[in-house]
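Each reported figure results from applying straightforward, stated rules to the coordinates on display, with no laboratory input. Given the structure is predicted, the values throughout are model-derived calculations rather than measurements. Cβ placement follows ideal geometry from the backbone for every residue including glycine, while neighbour counts extend to all protein chains displayed.
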Amino acid sequence: MEVLKNKGINGLRYLERYTKTDMVYLVKGGFWSIFSQIIVTVSTLLLAMAFAYFISKETYGQYKFILSLANILGVFTLTGLGTAVMKSVTGGFEGTLNDIFWKNIKWSVLFFLVILGISIYYFVNENISLAISILVVGSFSPFIASTNLYNSFLVAKKDFKRSSIYFNLIGNVFPAFCLFITMLITNKPIWFVAVYFTSNTLIGLILYLRVLKIYKPNDKVDSGALGYSKHLSIINILGTIVDNIDQVLVFHYIGPAQLAIYNFAIAIPNQIKGPMKGLASLIFPKFAERSDKEIRHGMKNKYFLLFISSIVIIITYIVLAPYIFHILFPKYTDSIFYSQIFVFYFLGMISSPAEVYLIIRERIKEQYIGTILGTIIQIVLLFVGILYWGLIGLVLARVITKICWSTTNILLYNRASRETT
């Protein structure tokens with residue numbers, strides 16, 4: 001066994017000549033990310049099948065609308081805390097985790113007041129279900145955000161095994177199981193929202209305390225972490241709105257049934273995105289340790305590997321999508337064509353290394369430019385696409401925007417890296 005292990009390591013080291021990437025580190029960390037993502041994908045697909053079988057399109061559309069509205073309202077919180085904690089812990093300031101945990105709770109008082117006002121508005125207008133759902137969102141979201149900071153800590157410590165098992169596996173499977181039990185009892189969206197947020201809060205708190213017990217973080221606190229997180233949060237405001245505004249627009253202009261069709265169209269591609277997003281977590285600690293020259297040396301190779309991976313995924317998915325939907329989601333075969341178009345979204349994920357660089361080097365100006373340009377493009381394309389062409393316009397708008405956003409971030413990285421030469 002040891003001989004095979006050594007041969008495998010030697011083979012990976014040989015590949016590093018061409019990839020300019022630490023392949024041993026990538027495979028070791030990537031294994032747990034891929035393993036957990038497979039379990040998450042299976043549980044998510046099973047949950048989606050249950051929703052498709054037990055719940056009507058209208059009810060599912062209402063549920064997804066409330067979750068998207070919750071994400072948009074989340075812009076009033078410090079959404080950049082995770083990245084700030086990751087950067088601080090990488091620098092040895094482990095006490096930042098607990099410090100930011102409580103600061104986020106205090107900061108979220110403003111968020112709750114905003115949520116309370118919106119909830120009262122819907123209550124006065126006799127939309128009781130939505131009023132209560134929004135109040136649930138406001139009550140639990142700050143605690144979910146704070147407890148989930150344990151994952152940023154684990155990634156910074158390069159403990160990808162625990163990160164994958166705790167955050168990706170347990171953190172997703174437990175709420176999914178709770179939702180499945182709920183839909184066997186009721187079909188009311190308000191209960192799905194309540195169970196989703198309470199289960200995420202409970203499991204997040206348990207895992208947060210578990211990480212504290214295992215690592216016993218030191219008392220060193222990065223005094224600049226909160227300030228940097230505020231910048232990241234401002235940057236994330238536009239991104240968060242853009243990532244969820246599509247759901248709101250479809251719900252209002254086309255209807256909850258079409259929103260359900262759209263969500264099933266993007267469901268499987270979104271699950272496939274998981275491992276590719278996980279690469280950013282693997283890259284983050286490495287970039288923090290390396291000089292700009294070392295990062296530049298292997299950047300083009302990383303772009304190329306991500307491009308080839310994206311092409312393989314796109315072609316494979318386009319071929320398999322009809323079979324997948326007819327087997328798993330026979331009620332949602334209308335989603336097949338939209339899903340095959342949406343998978344081209346992967347071409348926009350090539351810029352992940354560039355985006356990590358801009359974050360780790362605190363290139364705030366470049367992050368603002370990229371976010372503002374991407375947001376303007378997406379909002380314009382979303383409105384035009386939905387109003388004139390419906391769902392196909394929406395899907396094309398998301399794909400085109402992602403590719404434009406990716407190209408912009410690569411250009412911004414090139415400019416930033418030249419300035420440090």
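Using the Karplus relation 6.51 cos²θ - 1.76 cosθ + 1.60 with θ = phi - 60°, the per-residue 3J(HN,Hα) values for the range 259-272 come to 5, 5, 4, 4, 5, 6, 5, 9, 4, 5, x, 5, 6, 5 Hz, with x marking Gly and Pro.
Placing R0 at 51 angstrom, the Cβ-Cβ distance between Leu212 and Tyr253 gives a FRET efficiency of 0.65 after rounding to 0.05.
Using per-residue counts of other Cβ atoms within 10 Å, averaged over each peptide, order 155-161, 105-111 from highest down.
Ranked by mean Cβ neighbours within 10 Å, highest first: 155-161, 105-111.
Sorted ascending by nearby beta carbons within 10 Å, beginning with the fewest, Tyr317, Tyr63 become Tyr317, Tyr63. Counting every other Cβ atom within 10 Å of each residue's Cβ, Ser351, Ser223 order from fewest to most as Ser223, Ser351.
Note on Ile324 and Ser223: with the Förster distance fixed at 51 Å, the Cβ-Cβ geometry gives a FRET efficiency of about 0.55.
Based on the Cβ-Cβ distance from Phe307 to Leu205, what FRET efficiency comes out when R0 is 45 Å, to the nearest 0.05?
Working from the Cβ atoms, E equals 0.65.
Helical content alone sets the calculated 222 nm signal of the chain at -29000 deg cm²/dmol, taking -39,500 (n - 2.57) per DSSP H segment of four or more residues and averaging over every residue. Counting other Cβ atoms within 10 Å as a rough exposure proxy, the listed residues Glu126, Glu58, Glu355 run Glu126, Glu58, Glu355 from fewest neighbours to most. Amide H contacts for Asp222 (H built 1.01 Å from N in the peptide plane; partners 5 or more residues away or on another chain; cut-off under 5 Å): Thr96.
Which entries of Lys158/Lys216; Lys331/Lys402; Lys103/Lys230; Lys161/Lys213; Lys293/Lys365 have Cα-Cα distances beyond 19 Å here? Listed pairs above 19 Å: Lys331/Lys402; Lys293/Lys365. Over the chain, the ratio between the Cα radius of gyration and 2.2 N^0.38 Å evaluates to 0.98. Under a plain spin-label model, where a point goes 7 Å from the Cα along Cα-to-Cβ, how far apart in nm are Val109 and Thr407? Label at Val109, label at Thr407, 4.8 nm between them. Between Lys300 and Ile181, the modelled labels are 5.6 nm apart [label points 7 Å from Cα along Cα→Cβ]. Extending 7 Å from Cα along the Cβ direction at Glu362 and again at Glu58 yields two label points whose distance is 5.4 nm.
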